[in-house]
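What follows is a short report on a single structure.
No lab work stands behind these numbers, since they all come straight from the coordinates. Being a predicted model, the structure only gives us computed values, none of them experimental. Here the Cβ positions follow ideal geometry from the backbone for every residue, glycine too, while neighbour counts run over all protein chains shown.
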Amino acid sequence: MQRSEPALPWLEPGDDFPHVTQAWGPDTPAPGLLAAGGALDVATLKRAYAAGIFPWFGPNEPILWWSTEPRMVLQTRHFKLHPSLRKTLQQFRQNAQCEIRIDSAFSQVIHACSTSQRAGQSGTWIVPDMVRAYQALHESGCAHSVETWVQGELVGGLYCVSMGKAVFGESMFAKTTDASKIALTALVGFCRAHGIAMIDCQQNTRHLASLGAAQMSRVDFLQQVEQGLAQAAPLWKFKPQYWNELMPKAAPTA
C-alpha cells in the first residue's frame, strides 16, 4: 500500500504559521516541512525565526517553511578549534593585512553564498527572492555578515539572522582555504564575548558536526531561542580581542 503524504498548509501573505509540532515527521518524504506559501517580507521572516521556523526552497518552487526535529545547533562553548585551523588563525591574527569585518559587504557575501558550488548539490536554495528578502532583513538590522578579508579582498564569510541574542546561521562561502572557517570562528568568538550560547545550524551535516555542532530537541531549541529573544542585541562589530575567547594570548614571561 502506498503511503500518502500528510496535508501541507498553504499560507497567504500575513497568515499565522502552523504550530511547529505540525511539521512533517521522520517517516515522511520531507521531515520538518511545515507549510508553503506566504511571503518573505521582513515581518514574516522575523515571526518565523522567533518561532523556530526557516524558509528553504529551490528554483521554481513555492516558498517552503521548515522546523526540523531534532535541530542542529552549535553551542558556542562546544566549538572545536582543530589544531590546523588554530595555526591558520594564529597566522591570520598576526598579519596586519588580514581582518574580520562585520556588515561591510553583506550583499557581496550573500551573492557569493548563492553561487558557491556545494558537494551533492546541483543548484542553490539561495534563489533571487531569498537574496532580496535577506538584504531587506539586513537593512532592518536583523541579518549580518561576518567577513574574512585579506589584503583588501573579501575571500570568505557567512551571513546569519540575529534577533536579540538569538543567532541563526544561514550560509558560508570561501574563495581561499579555510576562509569560511575563519569567519565562523570569529562569529563564535563574538558570540562568546557577548554571552550568546547558541548558533542555530538548521540542518545536520558532517562538516558542522566536525566543528562541534550537535542535535538538540526542538523543545529545548525553542526554549533557548526564547531566552535569546528576551535579551538586548549586541553591537555587531568585531573587535580583535574577541579572538581571546578562543585563543587566549600567552602571558608574558618574566
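Listed values, structure above:
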quantity: Between 0 and 90°, nearest 10: helix 179-193 axis offset from the chain longest Cα axis; calculated: 90 degrees
quantity: Student exercise, the range 10-69 dipole from Lys, Arg, Asp, Glu Cβ charges, in Debye to nearest 20; calculated: 160 debye
quantity: Mean Cβ neighbour count within 10 Å, used as a protection proxy, ranking 154-160, 27-33 highest first; calculated: 154-160, 27-33
quantity: In degrees, nearest ten, helix 106-115 long axis to first principal axis of the chain (Cα); calculated: 60 degrees
quantity: Given charges at Cβ of Lys, Arg, Asp, Glu: the chain dipole, positive-most of 136, 204, 180; calculated: 180
quantity: For the range 11-125, Kirkwood radius (reciprocal of mean inverse C-alpha pair distance, Å); calculated: 17.6 Å
quantity: Ratio of Rg to Rh over the range 109-254 (Cα coordinates, Kirkwood Rh, two decimals); calculated: 0.97
quantity: Ranked list, fewest to most other Cβ atoms within 10 Å of each Cβ, for 245, 147; calculated: 245, 147
quantity: On Cα atoms only, tilt of 218-229 relative to the major axis of the chain in degrees; calculated: 60 degrees
quantity: Among the listed pairs 46/80; 80/181; 46/181; 181/239; 165/239, those beyond 23 Å (Cα-Cα); calculated: 46/80; 46/181
quantity: With eigenvalues of the C-alpha gyration tensor scaled by 5 and rooted, the range 10-69, Å; calculated: 18, 14, 9
quantity: Spin-label pair residue 81/residue 19, simplified geometry with 7 Å Cα→Cβ offset, distance in nm; calculated: 4.3 nm
quantity: Selected from 98, 142, 191 as most flexible by GNM, with the chain as the system and alpha-carbon contacts under 10 Å; calculated: 98
quantity: Solution diffusion estimate, µm²/s, Stokes-Einstein, the chain, Kirkwood Rh from C-alpha pairs, 4 °C, viscosity 1.567 mPa s; calculated: 68 µm²/s
